[in-house]
Structure formats: C-alpha cells, structure tokens
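Asker: The structure follows.
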Amino acid sequence: MNWEPVEIGGKIFQGNVGELIGIEVCTNYDPNVLDVKSSKRKSPKVNTNTVKKRKITEIQNNVNKQATTAKDIFSPSKHGNTSDSIEEKTTDIQSDVKVENLVMWENFGLPQSILRALQDLNFTQPTEIQQLTLPAATLGRRDILGAAETGSGKTLAFGLPILAGILKVKSKDDAIVTQSVEENEPDSEESEFEMDASEIRRHETGCTKSVNIVTKSNSVKPLYALILTPTRELAVQIRNHLVAVAKYTGINIAVVVGGMAAVKQERILSKGPEIVVATPGRLWELIQQGNSHLSQIDSIRYLAIDETDRMLERGHFQELHDLLERINLDESRRKRRQNFVFSATLTLVHELPRHLKTKVKLAKSKKIHDMTPEQKLKKIIDVLGITEPKVVDITQGTDCHPLPLHASMQQRQRLKNLERFRDVENSVLVATDVAARGLDIPCVEHVIHYQTPRTSESYVHRSGRTARASRQGITVLLVEPNELQNYLRLCRTLQKNEDLPTFPVQGNYLKSVRQRVDLARELDKLQLQVKKTNSEAGWFQKAAEDMDIIVDDLYPFHLSARRYDSKDAEQSKKLADLKRKQLTKLLSTPIFPKGFTGKYIWPSSDTGEIPFQGELKKEKAIDVMKNVIETNKKQKGRIIPLYKPKKRIAARSNVKSIKLPKKESRRKQIQEIES
Ligand SMILES: Nc1ncnc2c1ncn2[C@@H]1O[C@H](COP(=O)(O)OP(=O)(O)OP(=O)(O)O)[C@@H](O)[C@H]1O
C-alpha cells in the first residue's frame, strides 16, 4: 500500500496528542490486502504470550546457568553486574550450527555466533594475550590494562569481549522491550497473526494510520562501543578485523577518521552502528558538530583505547584528554562502562614509583604537555576512572621493542611496524633488505649492517636510510673474520684506500654483552624448537581429523615416526621459560658501572683512558664517531691504509654456534636454574 503524509495545521499538535506526530493517507486502498491479512487468522493458533514467556524463561535459565559457571571460574564483576550475563539468544544467528575444533575458546563465555566466525577464520586457539584477557573481560567484566608485543592478537583481546558484551546487552534490552510489550497487551488468547490484525484495527482507521516515532524500529539506535586508535590505517584495520569476527552477530561497525568525506561519514553514522572505531580528532569534530548518533557518546558501554602509548605523543594527548572528559560527562554511566587500555608499555601503571608520584603532583600545576609519557598514561587511567583493572602485561620486560620487517610478514603487519618505527622514539627496526631501498623515514639515526653486504649497491642503499636530507646519521658495519673479503671488495669498489674508522668499544664490557647475546640466541633456538614441535603435532592432528582417523589409534606410530615426545616438548618449553626469565633479569642489570649516564663509553681524546665513574660523557654515537675521526687525524696525521691480509683467511666465524642441550642435560639445566 502507498501512504502519503497529510498536511495538518500546527494547532492540532499543541494539545495532548501523546506520541502522535503525524497522519498519513493511503492512496491506493485495496480491501483485498486486508483480506489477505485476515486469511492468516485461519492459520494454526499460536499463543503469543506462551511464546514470549518461553523466550524470557529461556533467557532467565541461561542467566542462572552462566552465572554458576562464571562464578566457579572467575572473579566477580567489578560492578557486581549479573544481569549482563544473560545469554545472547535472539541475535545469535544460526546458533545451532556445530562449532568444532574450538575447545580452547569454550571457557570464555563467547556466543556461538562469534565462535562460528572464529572457526571460519581458522583461529582454532586464542593467542596468549587473548587467553589472559578474555576470562576477566568477558565473564568478570573487569577493566583491562593490556600490553603485548606487536602481532600478538591484541585487537581480538579487546574486540571479542566488546562484541560478546554488546550481544548480551542487546538481548537484555530486547527482553525488557518484549516484557513491556507484554505488560501493555490485553490478556487475551490472540495469536501473533490475530495480533497483527488487531494492531491494524487499532492503528488503522479507514484509510489512515498514526505514525509513532517511539516504535523500536524508528528510534535512535544505541551506540554501545567506541574504539580509539591513533591513525586512520589502524582504525580501518581494526574495523575489518572485527567485521570478520562479527559477521554472524548482526552488529554494525563503522569507522570515523580524518580524510574521509564528511557527508559519507554522516551517512555511515546515520545507520546507527553499534561500534565506532575512530581517531580522536575527527570524532571530536563530529561530536562538536552535533552528530546525533555520537551524541550518545557518554552512554557507551565499552571503551577501548588501542596503542595508548602512541596516543600520548605528538599532539594526540590533548585531543584524547578532551574527548575522554566529554565521554565521562555522566558519572553513573561512566561507572557502568567497561574500559580496555592497550599499550606497548605499561610498566609504570602497575605501581607508580614514589619519585613519579611527586612529579605527578607537581605536574598538576603545569601544562599537560609537560608531562612524561608515563604520567600521561597514568592521567588517562585516572580520567577513565579505572581503579582495579586486570593488568595483562606479556611484554618481555625490556625497554627495547624491536619491530621486525621481512618479506614473509603480512603486508598489513609490515605497514604497522613501519608506522610504529616512524612514530615511536628510540624504536628499533630489525629488517632484511626489503627495507634497504626507498624507505624515507626522516629521523633514522643509525644503520647497523649486521652482516657485511655483498654488493656496494646494497651497502649504499642500506646506509642511505640514515642521514636523510640535511640530517646527520651513522652507519656501522659489523665484519666477522669470514666476511673480511666482502669488506675489502666493498672498500675497493667504493674507491676507498683507507680503512673505515673503527667504532670504539671497550672490551671489558663485552663479556657481559656476550653473556646476554648468547643467552638470547639459546632462547631463540629453544623457542623455535618448541614452535616446530607444536606445529608438527598440530599438523598431524589436523591431517588425522581431515582423514577421519582417530588419532589415538595411530598415536604410538605417530610418536615414533615424528620423534615427537610430549614430555620432551614440555621440558624444552620449561627450559625456554626459565632462560627467558634469566635473560630478563640479566637485561635489567646494568652492564655499565653505577652512575654511568652516557650512551657510549668512549676514552678521553687526551689520555686515551676511560673516564672515571660519573665523568662519562652523554654523547650520541655520531658524536663519538666524529671524535674518533678527529683524534685519528690529530694523533697520526696520516691516513690508515686499507687492511691487507697476508694470507687468505679461511671462512670461519668466531661466533659460538649455539647447540641445543640434549634431553639429559636439559633436565640438569632446569634443575640448576631452579635451585
Ligand atoms: N587467535 C588467533 N589465532 C590466529 N590468528 C590470530 C588470532 N588472533 C589474531 N590473529 C591474527 O594475528 C594477526 C595479528 O593480530 P592483531 O593485529 O590483533 O595484533 P596486535 O597485537 O594488535 O598487533 P599490533 O600491536 O601490531 O597492532 C592478525 O592477522 C590476526 O588476524
């Protein structure tokens, strides 16, 4: 039927007309249409009340069921919120489909719709950060402060609890609406179809009907969650990642970032997405322009801040701070919100050292941008009102966050790491030659050639990543004895008749450095072995399942064929964990003497001696090198000719090859470390 609005004089709306906001007229009235509806009355009668009551009882039963399991396993909700535990049913599309191979996900209270999507993605088990975060977040409803290295699966660590939470809240809201509809209905035995017809009778008089904007379908859709991230690219990535796991949930996720047409952004938001992934700047703009969907920003149930450490830098902080104050406008809603703060470094959040606490007090009187990143992070946590968060920090306890870059990485992860390398101060990019050419990152201070390049082109391109435009930079070439020929060839091609100046290194500290490096290499090898063993076992299991073979029947054969021994693997893992702890401890012990504040130890140009404790200079590597060149010139007054080896050096390396301990000695090592 075709309905058109009826023009009415303004006065009619001045009286008490309840929810009536307009009248429409049917322009192609056809009595047969109503007949079609009334013919439905002849269909088998279904008691609406029974259906709805069953739905509510089902939900209630699930509340009880879930509450018991959650209580058994996890700590209670910070908010004492049990009503949120209502099992999502109505929006859980095709929940009866069997989800296989997801045993590891089963204890996290995730609905079937999400499990199905995880299965489609072949995410058979949660990553470490997900395992540690999900129980507390999904079932305990705790705020989370999380830190883990890049590519560890942080997005789903906060994304899954948000999606699962929204499904629960929505089903709770639906239950309330259903209940209130029931309460307002006459207590009759009408079937659903009869109710349709009676509704038609109630609302349609002749050829007119009332239009009620308060009906559920027309109301403003709630905004449940906001995810903040520092860059546009990340926002898009997070959205895509979440869309993939939300595909059976019916939850809409939108991106709000700078650089996108404002009209398009308004259109996206007018559809009422339940989750908005945004960069703070554009979000703030749209809020200030009065966007209606974003006007609910203070009632969001979930807030995630990804890459918080980067949000504290480069002009993001003030925007973030203002935005959070706006989000926090309503105190009671703030308390009901669940927060996720993910950052690469959370060390100072565990317990702020006393000297920093004093600094925080002092900083209150200063401007916000005078604060250190740690103070800013603390400030954000305070603004959010996080008091007893679950802290999940699986960073390896070092201040150095190396960022890998190589051809077998996903393009997406490569871009992320490059972005991070560009934005994070003191970061280290560990790259293969994929990064040797074309990369234009302005402030790279050092290029270290871990292996002597085989061609002069390679040397020039790699080195060209530093000292860009008018900036200074230093490139250091590490030459092993077996690489000497490469080095000499390189110098000849570059028409150098003198040796490259040597970077001063104090041998007496090298022992400690070597100890750490050896331990790191050993750990790396052990980890590789553990990974290989696990993937072999996983491969076998999967192959057996694909062929419908029961693994147990073949197990002994499988063991001998692949030399897989679960005890052995367990032992290697244990040893790797112990070695990691050892390394973390060693790395937290300073190599240089107490009181040393400089970056490099470099002997005095006058005496050639290492300065006493406290007199060491705080110098950059580039300045150290400049000094060396100057000193060489002054002391010798002549160039140092290129090294000429008397005889060809055999290809040998003085790098100790790391051998993995055998079974017996592994056990011995574990005992030694543990004692
Ligand atoms: N449980 C899982 N099983 C397998 N793959 C996963 C799982 N969780 C996430 N992934 C995949 O791992 C990759 C890295 O995940 P994600 O981007 O969330 O990491 P991250 O910790 O946020 O990294 P970054 O800090 O660099 O942003 C993605 O390709 C993602 O699809």
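Asker: For the subset of segment 565-580 comprising residues that are among the basic types (K, R) and surrounded by 14 or more Cβ atoms within 10 Å (Cβ to Cβ), which member is nearest to I673 (Cα to Cα)?
Answerer: Here is the first cut: in segment 565-580, the residues among the basic types (K, R) are 567, 573-574, 579-580.
Narrowing further to those that are surrounded by 14 or more Cβ atoms within 10 Å (Cβ to Cβ): 573-574, 579-580.
Working: K573: 14, K574: 11, K579: 8, R580: 11 Å.
Filtering segment 565-580 for residues that are among the basic types (K, R) and surrounded by 14 or more Cβ atoms within 10 Å (Cβ to Cβ), the one nearest to I673 (Cα to Cα) comes out as K579.
Asker: For residues in segment 116-129 being in a helix (DSSP H, G or I) and open to solvent by 10 Å² or more (accessible area, probe 1.4 Å), which is nearest to the ligand (Cβ to nearest atom)?
Answerer: Among them, the one singled out is E128.
Asker: Kindly indicate whether T387 is more than 16 Å from the ligand (Cβ to nearest atom), within 30 Å of L329 (Cβ to Cβ) and either of a type in the set (S, T, N, Q) or in contact with a Gly (Cβ under 7 Å, 6 or more places away or on another chain) (or both). Walk me through how you get there before you give the answer.
Answerer: Details: more than 16 Å from the ligand (Cβ to nearest atom): yes; within 30 Å of L329 (Cβ to Cβ): yes; either of a type in the set (S, T, N, Q) or in contact with a Gly (Cβ under 7 Å, 6 or more places away or on another chain) (or both): yes.
Answer is yes for this residue.
Asker: To continue, here is another question. Consider only pairs whose beta carbons are under 6 Å apart and that are at least six residues apart or on different chains; among these, list those whose first residue lies in segment 482-502 and is farther than 13 Å from Q451 by Cα and whose second residue is outside any loop (DSSP other than H, G, I, E, B).
Answerer: As it stands, the answer is T493/S456; L494/S456; P501/V628; P501/I629, since those pairs meet every condition given.
Asker: Of all residues in segment 154-168, which are within 25 Å of K416 (Cβ to Cβ) and either open to solvent by less than 20 Å² (accessible area, probe 1.4 Å) or away from the ligand (no atom under 14 Å from the Cβ) (or both)? Reasoning before the result, please.
Answerer: Let us first name the residues in segment 154-168 that are within 25 Å of K416 (Cβ to Cβ), namely 154-163.
Residues satisfying the conditions are T155, L156, A157, F158, G159, L160, P161, I162, L163.
Asker: Filter segment 137-153 down to residues that are more than 7 Å from the ligand (Cβ to nearest atom) and open to solvent by less than 10 Å² (accessible area, probe 1.4 Å), then give me how many there are.
Answerer: Qualifying residue count for the region: 7.
Asker: Can you find, within segment 417-436, the residue that is farthest from F503 (Cα to Cα) among those that are away from the ligand (no atom under 16 Å from the Cβ) and modelled with pLDDT of 80 or more?
Answerer: As a first pass, look at segment 417-436 and keep what is away from the ligand (no atom under 16 Å from the Cβ): 425-426, 432-436.
Subset that is modelled with pLDDT of 80 or more: 432-436.
Details: T432: 23, D433: 23, V434: 26, A435: 24, A436: 22 Å.
It comes out as V434.
Asker: Further, regarding this structure: Let me spell it out: the conditions are (1) more than 30 Å from Q495 (Cβ to Cβ); (2) open to solvent by less than 80 Å² (accessible area, probe 1.4 Å), and T455 meets all of them except one. Which number is the exception?
Answerer: Against the list (1) more than 30 Å from Q495 (Cβ to Cβ); (2) open to solvent by less than 80 Å² (accessible area, probe 1.4 Å), T455 comes up short only on (1).
Asker: Of all residues in segment 393-410, which are outside any loop (DSSP other than H, G, I, E, B), open to solvent by less than 50 Å² (accessible area, probe 1.4 Å) and at pLDDT below 85?
Answerer: First, pick out the residues of segment 393-410 that are outside any loop (DSSP other than H, G, I, E, B): 393, 402-405.
From what is left, the residues that are open to solvent by less than 50 Å² (accessible area, probe 1.4 Å) are 393, 403, 405.
Result: D393, single match.
Asker: Next question. Out of everything in segment 243-266 that is touching a Ser or Thr at 6+ places or on another chain (Cβ under 7 Å) and buried (at least 16 other Cβ atoms within 10 Å of the Cβ), what residue ends up being nearest to L283 (Cα to Cα)?
Answerer: If we filter segment 243-266 for residues that are touching a Ser or Thr at 6+ places or on another chain (Cβ under 7 Å), which is where we start, we get 248-250, 257-258.
Still in the list and also buried (at least 16 other Cβ atoms within 10 Å of the Cβ): 248-249, 257.
Values: Y248: 27, T249: 25, V257: 7 Å.
Out of the qualifying residues, it is V257.
The values are calculated or read from the model by the stated rules, or taken from the named source; none is laboratory data. Predicted model only: the values in this text are computed from it and were never measured. Here Cβ is always computed from backbone atoms with ideal geometry, including for glycine, and neighbour counts include all displayed protein chains. Heads up: the accessible areas ignore ligands, DNA and RNA and are worked out on the full protein's heavy atoms, side chains in. Shrake-Rupley method; radii C 1.70, N 1.55, O 1.52, S 1.80 Å.
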